[in-house]
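Enquirer: Provided herewith is a single structure, encoded as structure tokens, for subsequent inquiry.
The values are calculated or read from the model by the stated rules, or taken from the named source; none is laboratory data. Note that the coordinates shown come from a computational prediction; the quantities given were computed from them, not determined experimentally. Reconstructed Cβ throughout: ideal geometry from the backbone, glycine too, with neighbour counts over all protein chains shown.
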Amino acid sequence: MELLFSLLLLCSTILSLSHHCIARGGLWSSLHSGLNTSGGASHARHLFEDHESQSQTSAFDSSRGYMTNSDLEMAIKDLGRRCSNITRIYSIGKSVNGVPLWVIEISDNPGEEEAEPAFKYIGNVHGDEPVGRELLMFLANWLCDNYPKDPLATLIVENIHLHMLPSLNPDGFSLRRRNNANDIDLNRDFPDQFFPINENEDARQPEARAIMNWLREIKFTASATLHGGALVANYPWDGTQDKRTNYYGCPDDDTFRFMASIYSHSHYNMSASTEFPEGITNGAAWYPIYGGMQDWNYIHAGCFELTLEVSDNKWPKAAELPVIWKYNKMSMLNLVASLVKTGVHGRIFSSVDGRPLPGSVTIKGINYTVRAGKRFGNYHRLLVPRERYEVMASMPGYKSKNTSIWLDEGPATVDFILDPEVAVKGAVLQNIYDCNCSNKCKLDFVEFLWGAHLEVYLVLILILGFLCFVQRRIRGNSMGSKRIAV
């Protein structure tokens, strides 16, 4: 009797805890097909009245209607041919089993580096959450079909470089499981700020290494990954120092809440959640994870990333996909458009020769630095509107400058022109910043002497002339005295 009671108690405990872990990859993710992943039967959110359990559907039936990896590759390449004027198709690497990780770039100048912000969407991080890969194909085709007819499509295509990776985990998709072919959760394979895990980059999974190399090549302003198993917009931090489940905000907590709210309130019913107020949640307050992609993006790549849970069911029937797209369409579009609809944007230049500077931009009171691009000196700083900010630009070898702005509903443009610092070394005044050409240094030195201190030099010339005149008079009088004496 005691054994039976213990078994019943254990089952009850598992069921009560599972909904906290399932969506972002807890211990019980393999049970997702038979559980309600949105917080218990009383809080279930379904798109249809059909409550048939996923566990009653075979794996074959659940995948019917979804694109295979080959289908997805063909669809991506077909889109590239159909909309070649605004798309570029490229791969950032391969999965464990050698499947290319295809990316769709959409822009009016695809493949060209510009001073515009860049946004990335990543789907299918977990193999058993395929809705994201389908939604990204819906989004790419919608932009292709509606540019330049639709104002929002035109805004995105002409002002943002949008990159979409429909499937980060094609091997897991083929295997119908969460992890990749090496049975590793890709959303636990990144360097963590709290615990020294995955420090050896060569030991990471090829899919994770591909993401890290991707962000070394392209400077993304913001991004989002699409997951399934709940309906909520999740923002950093994802973990805590003590591994406890409690709210742990990052320096840009207000900005992330604003971004998450853009997605939630643009969604058909995400913001009406009874489980997550306003349809958003801090990751650590939901449940902590470590080695996640979201925190790594913010810390190491200067990229503001959200983790979006876009469907209650991890693997819904394919017939539901058009409705899920309809519910998420405006959220996906508005989140991308927010890059140019708000925030502070601009460029940093040198006052000496007007060249762009890859400086840094900080906001007083927020312990986070946004770095400008190397080629154009452009920066894009996401901030909450309807606030006053003090913005400062800095660059080694240059004097920092700051200004105060009131960020209204729209974006603010602030360019900075920085003056070089100078230091005295011996008798030579020298620019402490790099000088690539000796002739240029000489010209700069002459310009410095002749321009900045012209009045001083005129006074010195007059004094020297007067002294010479006095000396000549004295010498003349001395010679005259000698002649008289003779």
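Enquirer: Kindly indicate the residue of the range 95-111 that is within 18 Å of residue 161 (Cα to Cα) and out of contact with any strand residue (DSSP E or B) (no Cβ under 6 Å at 6 or more places or on another chain) and also surrounded by the fewest Cβ atoms within 10 Å (Cβ to Cβ) among those meeting that condition. Steps first, please.
Expert: Of all residues in the range 95-111, those within 18 Å of residue 161 (Cα to Cα) come to 102-111.
Then keep just the ones that are out of contact with any strand residue (DSSP E or B) (no Cβ under 6 Å at 6 or more places or on another chain); that gives 108-109.
Values: 108: 18, 109: 14.
Applying the filter and picking the extreme gives 109.
Enquirer: Still on this model: So is residue 183 within 24 Å of residue 375 (Cα to Cα), assigned by TED's automatic domain parsing to the domain that holds residue 207 and more than 20 Å from the chain's Cα centre (by Cα) or not?
Expert: Considered against the rule, which asks whether it is within 24 Å of residue 375 (Cα to Cα), assigned by TED's automatic domain parsing to the domain that holds residue 207 and more than 20 Å from the chain's Cα centre (by Cα), residue 183 comes out as no.
Enquirer: Take residues that are of a type in the set (Val, Ile, Thr) and modelled with pLDDT of 95 or more and tell me which of the helices (runs of 4 or more DSSP H) falling wholly in the range 235-344 contain 3 or more. Steps first, answer last, please.
Expert: Numbers: elements: 253-266, 283-286, 293-300, 321-341.
Helices (runs of 4 or more DSSP H) meeting the threshold: 321-341.
Enquirer: Looking for something out of contact with any Phe, Trp or Tyr (no Cβ under 7 Å at 6 or more places or on another chain) and in a strand (DSSP E or B) - is there at least one such residue anywhere in the range 351-365?
Expert: So far as the range 351-365 goes, yes, one or more of its residues are out of contact with any Phe, Trp or Tyr (no Cβ under 7 Å at 6 or more places or on another chain) and in a strand (DSSP E or B).
Enquirer: Restricting to the range 115-157, count the residues that are in contact (Cβ under 8 Å) with a residue 60 or more places away in the chain, in a loop (DSSP other than H, G, I, E, B), surrounded by fewer than 24 Cβ atoms within 10 Å (Cβ to Cβ) and out of contact with any Ser or Thr (no Cβ under 8 Å at 6 or more places or on another chain).
Expert: Total meeting the criteria: 1.
Enquirer: Something else now. Pick from the range 235-260 the residues that are over 16 Å from the mean Cα position of the chain (by Cα) and buried (at least 17 other Cβ atoms within 10 Å of the Cβ): which of them is farthest from residue 177 (Cα to Cα)?
Expert: Restricting to residues being over 16 Å from the mean Cα position of the chain (by Cα) and buried (at least 17 other Cβ atoms within 10 Å of the Cβ), the top hit is 248.
Enquirer: Please verify whether residue 210 is out of contact with any strand residue (DSSP E or B) (no Cβ under 6 Å at 6 or more places or on another chain), farther than 21 Å from residue 387 by Cβ and not assigned by TED's automatic domain parsing to the domain that holds residue 366, treating the condition exactly as stated.
Expert: Working: out of contact with any strand residue (DSSP E or B) (no Cβ under 6 Å at 6 or more places or on another chain): no; farther than 21 Å from residue 387 by Cβ: yes; not assigned by TED's automatic domain parsing to the domain that holds residue 366: yes.
Considered against the rule, which asks whether it is out of contact with any strand residue (DSSP E or B) (no Cβ under 6 Å at 6 or more places or on another chain), farther than 21 Å from residue 387 by Cβ and not assigned by TED's automatic domain parsing to the domain that holds residue 366, residue 210 comes out as no.
Enquirer: Also: Report, by residue number, each residue of the range 355-369 that is touching a residue at least 60 places away in the same chain (Cβ under 8 Å) and either more than 17 Å from residue 220 (Cβ to Cβ) or outside the structural domain of residue 388 (by TED's automatic domain parsing) (or both).
Expert: 357, 366, 367
Enquirer: Next question. Restricting attention to the range 201-234, report how many residues are more than 18 Å from residue 307 (Cα to Cα), in a loop (DSSP other than H, G, I, E, B) and within 16 Å of the chain's Cα centre (by Cα).
Expert: Kept after step one, since they are more than 18 Å from residue 307 (Cα to Cα), are these residues of the range 201-234: 201-206, 209-210, 213-214, 216-219.
The next check asks that each one be in a loop (DSSP other than H, G, I, E, B); those that pass are 204-205, 218-219.
With within 16 Å of the chain's Cα centre (by Cα) added as a condition, the list becomes 218-219.
Residues meeting the conditions: 2.
Enquirer: While we're on this one: Select from the range 368-405 the residues that are of a type in the set (A, V, I, L, M, F, W, C) and within 15 Å of residue 341 (Cα to Cα) and write down the one among them that is surrounded by the fewest Cβ atoms within 10 Å (Cβ to Cβ).
Expert: It comes out as 384.
Enquirer: Return only the number of the condition from (1) over 30 Å from residue 338 (Cα atoms); (2) in contact (Cβ under 8 Å) with a residue 24 or more places away in the chain that residue 200 does not satisfy.
Expert: The one condition residue 200 does not meet is (2).
Enquirer: Now for a separate question. Taking the range 71-114 on its own, how many of its residues are part of a strand (DSSP E or B) and either of a type in the set (Val, Ile, Thr) or not assigned by TED's automatic domain parsing to the domain that holds residue 173 (or both)?
Expert: Here is the first cut: in the range 71-114, the ones part of a strand (DSSP E or B) are 87-94, 100-106.
From what's left, either of a type in the set (Val, Ile, Thr) or not assigned by TED's automatic domain parsing to the domain that holds residue 173 (or both): 87, 89, 92, 103-104, 106.
Of the residues in that region, 6 qualify.
Enquirer: Turning to a different aspect of this structure: Go through (1) more than 25 Å from the chain's Cα centre (by Cα); (2) surrounded by 17 or more Cβ atoms within 10 Å (Cβ to Cβ); (3) not basic (Lys, Arg) for residue 84 and report which single condition fails.
Expert: Answer for residue 84: the failing condition is (2).
Enquirer: Among (1) in contact with a helix residue (DSSP H, G or I) (Cβ under 9 Å, 6 or more places away or on another chain); (2) free of Cβ contacts under 8 Å to residues at least 60 places away in the same chain; (3) on the phi > 0 side of the Ramachandran plot, there is one condition residue 291 misses while meeting the rest; what is its number?
Expert: Residue 291 satisfies every listed condition except (2).
Enquirer: Do we find that residue 169 is under 30 Å from residue 143 (Cα atoms), within 19 Å of the chain's Cα centre (by Cα) and of a type outside the set (Ser, Thr, Tyr) in this structure?
Expert: Values: under 30 Å from residue 143 (Cα atoms): yes; within 19 Å of the chain's Cα centre (by Cα): no; of a type outside the set (Ser, Thr, Tyr): yes.
It is false that residue 169 is under 30 Å from residue 143 (Cα atoms), within 19 Å of the chain's Cα centre (by Cα) and of a type outside the set (Ser, Thr, Tyr).
Enquirer: Does residue 213 count as more than 30 Å from residue 377 (Cα to Cα), modelled with pLDDT of 95 or more and surrounded by fewer than 16 Cβ atoms within 10 Å (Cβ to Cβ)? Spell out the reasoning first.
Expert: Numbers: more than 30 Å from residue 377 (Cα to Cα): no; modelled with pLDDT of 95 or more: yes; surrounded by fewer than 16 Cβ atoms within 10 Å (Cβ to Cβ): yes.
When the stated conditions are applied, residue 213 does not pass them.
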